[in-house]
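> Starting off with a structure, shown below.
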Amino acid sequence: MFESVRVGGRAKGPLILGYFKDQKLDKPTADRLGDAASDILSRPESTGTAGAITEVFTDAHNDRVLLIGLGTKDGFTAGTLRTVAAAAARRLAALKVTAAEIDLDAQLKATKTDRAHAGSAFGEGVGLVAWTCDQFRGSATDLPKRTKLSLRSGDKAFSDGVTRGLGLAEASNLARTLSQTPPNIATTDFMASECKKLARKTGMKCTVLKGDALEREGLQGLINVGKASENAPCLIRLEYTPPRGGARAKPVVLIGKTMTYDSGGLSIKVGGGMKGMKRDKDGGCGVIGAMHAIANVIKPKRKVVALLACAENSISDEAYRPDDVITFRNGVTVEVTNTDAEGRLVLADALCYACDKEDPGCIVDMATLTGGIVVALGGTYAGMWCDDDGLRATLEQAAGASDERVWRMPHHAEYRDMMRSPVADIVNSAPVRAAHPIQGAAFLSYFCPDGVPWAHIDIAGTHAVDKPTGPFDPGPTGFGARLLSEFLDRA
Ligand code: BES
Ligand code: MN
Ligand code: ZN
């Protein structure tokens, strides 16, 4: 893949053109294809499917032309270009070219597609497919040589969109690299120092609460979940302040579950359940990615605070146990029934802290919280709990723009009642498996007072893919970085 991708530059290269399935070539596209236009659609590979590539050399362009299917005209949206761009980028990388020109003018015009949105989706597709993470390869792997790519388009709005999209992809790719980083390296301190590094580079503020500071703030969820690990738990706070104006609006608070490893604790994960739990920090990784894009690309007029509840759920003689009772910052007492339901305990701290200290306009938390949401929605949608109509509508728009989909799940007093404890106020895991992912949301609702617009997003099904999916090879998707960026672009 590419070492880097940028917009601009003078180098010529292949020309990327498009066409719709079951349609004739339009005049401008046929003109750019010159004599190749007459029979190109009768080639067997010219299926018109989104991302299908027909490659030709023509006198009209003194390099290759990649004529790419855009799917059906009726079904076409800016988002189709994410898939199209990913396919184009894979081909460009295989051809080892260093530059390419894109001209989809006629098709964007014919479908009245916003050029900036189209460019952004195209940039995202190229940037996402270009992600590699070779830092953990060693001397026994020969790494392929990587080339730099520059992209050009005659349309200013489209090119500016591509720049934006590449910026969003970079944010997702940061989330993916952090997700990929193994738990012996990506410790709690490592996550904190990555956030400090990001803050330094972007002019954000970063503070870390740890040790005594956690005690002082009454963050007993983090303390208890993290106490069996030699890697001490922390609450990482990142703050973006807009350059001027708008700073008076209440901040948006983004909360991320950042479990650097989830062994299950004393309720240890069995069978194949533990492998892959380095990715139990992906809620936090998505939030860090979003903060990267917020500072570099989106630059909203509102203050944004990120709170990362960071711990390792490990096992030792100091581990918290099933039967322990923990008193939270807001006075709610929790009987631990299962130490593997740890995410909700650290998120509870972050929710209390946000409500007490940040005067939040709204809160969005993101977490790999339950296996149950994977059963319910698979990898197609993240589960979203949000009873505030305005917040939910904005998140749904952001999901549409980013293609990081969310599906509404219910809150109800009956689910809250399921969490009652015979000993304390509530349990962290009900004795029944019924409504499993909803139990998590119901638990969290005890830590966010009515009146604060709040969304909980369970990404356990969407934070990684196990087979090639759109622009993603098997591995982390960085889910949420683009969703939350698009959200802040509208909030
Ligand atoms: N981190 C897991 C959830 C998870 C599962 C994430 C699969 C990614 C993929 C979470 O901490 C967990 O262990 N949840 C348990 C909760 C149960 C013990 C109440 C679950 O969902 O089984
Ligand atoms: Mn767990
Ligand atoms: Zn977990």
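Just so it is clear, none of the values below were taken in a lab; they were calculated from the coordinates. Here the structure is a predicted model, which is why all the values come from computation and not from measurement. In this analysis, Cβ positions are derived from the backbone assuming ideal geometry, glycine residues included, and neighbour counts consider all displayed protein chains.
> Please state the relative contact order of the range 196-250 as a whole percent: Cα pairs under 8 Å, 6+ residues apart?
The value is 40 percent.
> Can you pull the one-decimal nm distance between simple spin-label points at residue 156 and residue 423, each 7 Å off the Cα toward Cβ?
In this crude spin-label approximation the distance works out to 6.8 nm.
> Given a cut-off of under 8 Å on Cα pairs at least six residues apart, what relative contact order in percent is computed for the chain?
Reported as a whole number, the value is 15 percent.
> Follow-up. If each of residue 112 and residue 450 carries a label point 7 Å out from its Cα toward its Cβ, how far apart are those two points in nm?
Rounded to a tenth, the inter-label distance reads 4.4 nm.
> Let me ask something else about it. What number, rounded to the nearest 500 deg cm²/dmol, is the helix-based mean residue ellipticity at 222 nm of the chain, given -39500 (n - 2.57) per DSSP H run of at least four residues and division by all its residues?
-10500 deg cm²/dmol
> For the range 406-465, state which trypsin sites (Lys or Arg not before Pro) are in a DSSP loop and have at most 15 other beta carbons lying within 10 Å of their beta carbon.
Listed in order of number, the matching sites are 433.
> So, by mean Cβ neighbours within 10 angstrom, what's the order for 316-324, 458-466, 27-35 with the highest one leading?
With the highest mean Cβ count within 10 Å placed first, the list reads 458-466, 27-35, 316-324.
> Quick one: compute the contact order of the range 281-386, relative version, from alpha carbon pairs under 8 angstrom and 6+ residues apart, as a percent.
About 28 percent, as a whole number.
> Here is a further query. Check which residues have an amide H placed less than 5 Å from residue 261's amide H, if you skip close sequence neighbours.
It is 313, by chain and number.
> What helices does the chain have that are whole DSSP H segments, at least 27 Å long along their own axis by Cα, and with mean Kyte-Doolittle hydropathy of -0.5 or more?
Qualifying helices, which must be both long enough and hydrophobic enough, are 156-180.
> Something else now. Arrange the following residues from fewest to most other Cβ atoms within 10 Å of their Cβ: 377, 41, 484.
41, 377, 484
> Still on this structure: What order do you get for 284-292, 356-364, 445-453 when each peptide is scored by the mean count of other beta carbon atoms within 10 Å, highest first?
Highest mean packing first, the order is 284-292, 356-364, 445-453.
> Quick one: grab Rg to one decimal and Dmax as a whole number for the chain, Cα atoms only, in Å.
Taking only Cα atoms of the chain, I get Rg and Dmax of 23.9, 81 Å.
> What is the extension gain from residue 227 to residue 299, computed as 0.36 nm multiplied by their sequence separation minus the C-alpha to C-alpha distance, in nm to one decimal? All intermediate terms of the calculation are to be shown ahead of the outcome.
On the way: separation 72, 0.36 × 72 = 25.92 nm, distance 3.74 nm.
Roughly 22.2 nm would be gained on extension.
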